[in-house]
1. Can you work out which of the residues in the stretch 32-52 that are polar (S, T, N, Q) and within 21 Å of the chain's Cα centre (by Cα) is surrounded by the fewest Cβ atoms within 10 Å (Cβ to Cβ)?
2. In the list 96, 116, which residue meets the criterion of being over 21 Å from residue 35 (Cα atoms) and acidic (Asp, Glu)?
3. Could you tell me whether the stretch 80-97 includes any residue that is at pLDDT 95 or above, buried (at least 17 other Cβ atoms within 10 Å of the Cβ), among the hydrophobic types (A, V, I, L, M, F, W, C) and within 13 Å of residue 140 (Cα to Cα)?
4. Scan the stretch 101-125 residue by residue and report those that are within 12 Å of the chain's Cα centre (by Cα), crowded, with 20+ Cβ neighbours inside 10 Å and part of a loop (DSSP other than H, G, I, E, B).
5. Report whether or not residue 74 is farther than 11 Å from residue 128 by Cβ and in contact (Cβ under 8 Å) with a residue 60 or more places away in the chain.
6. Can you tell me which residues in the stretch 103-119 are at pLDDT 95 or above, more than 15 Å from residue 75 (Cβ to Cβ) and of a type in the set (Val, Ile, Thr)?
7. Is the stretch 77-95 home to any residue that is acidic (Asp, Glu), under 21 Å from residue 126 (Cα atoms), touching a Cys at 6+ places or on another chain (Cβ under 6 Å) and part of a strand (DSSP E or B)?
8. Could you check residue 71 against (1) hydrophobic (A, V, I, L, M, F, W, C); (2) over 24 Å from residue 37 (Cβ atoms); (3) touching a Pro at 6+ places or on another chain (Cβ under 9 Å); (4) at pLDDT 95 or above and say which number it fails?
Amino acid sequence: MTRRAYSHAALLFLAIAMVGAGCRKEERGGVPLTPMDISINVNNPAYADVAVPGGWVYLSGGSQGLIVYRASNDQFVVMDRHCPYQPAEFCRVFVDDTEIIARDTACCHSAFSIVDGTVIEGPAALNLQRYNTSFNGTTLRIYN
């Protein structure tokens with residue numbers, strides 16, 4: 001190989017490495033990863049608030065508890081209530097009177113959409129930690 005061929009090969013390798021670095025999995029915030037694998041029967045009267053789309057309920061689990069939001073007949077969004085702003089403070093968000101915003105006014109002073117956990121009001125820059133879900137029509141599994 002010529003010197004020019006080596007130069008082109010090195011540039012190609014560098015370009016591939018840079019593209020690969022840009023495809024890395026999104027970094028987690030400072031909220032502690034808590035092992036999660038629970039299942040609930042959404043037809044149980046204890047979970048009546050998630051019987052219809054738009055409903056939500058608190059559950060135990062995660063770092064600071066969970067918010068379970070029913071997005072549609074077959075889709076759920078589950079978020080940890082641990083505010084990602086200054087996570088060492090262990091601030092917990094609560095669904096406010098709007099029933100669509102989870103906020104903490106005493107500790108992290110941030111607000112999040114319960115539809116998907118996105119930041120609505122800072123100082124938090126990271127969304128609420130979400131958990132994986134699967135639903136078979138009766139049982140909702142929440143896991144990571």
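The values are calculated or read from the model by the stated rules, or taken from the named source; none is laboratory data. Just so you know, these numbers come straight off a predicted model, no measurement behind them. Virtual Cβ from ideal backbone geometry, glycine too; neighbours counted across all protein chains shown.
1. Ranking the candidates gives 39 first.
2. Unique residue meeting the criteria: 96.
3. Checked the stretch 80-97: no residue is at pLDDT 95 or above, buried (at least 17 other Cβ atoms within 10 Å of the Cβ), among the hydrophobic types (A, V, I, L, M, F, W, C) and within 13 Å of residue 140 (Cα to Cα).
4. 114, 117
5. yes
6. 118, 119
7. no
8. With respect to (1) hydrophobic (A, V, I, L, M, F, W, C); (2) over 24 Å from residue 37 (Cβ atoms); (3) touching a Pro at 6+ places or on another chain (Cβ under 9 Å); (4) at pLDDT 95 or above, residue 71 is out only on (2).
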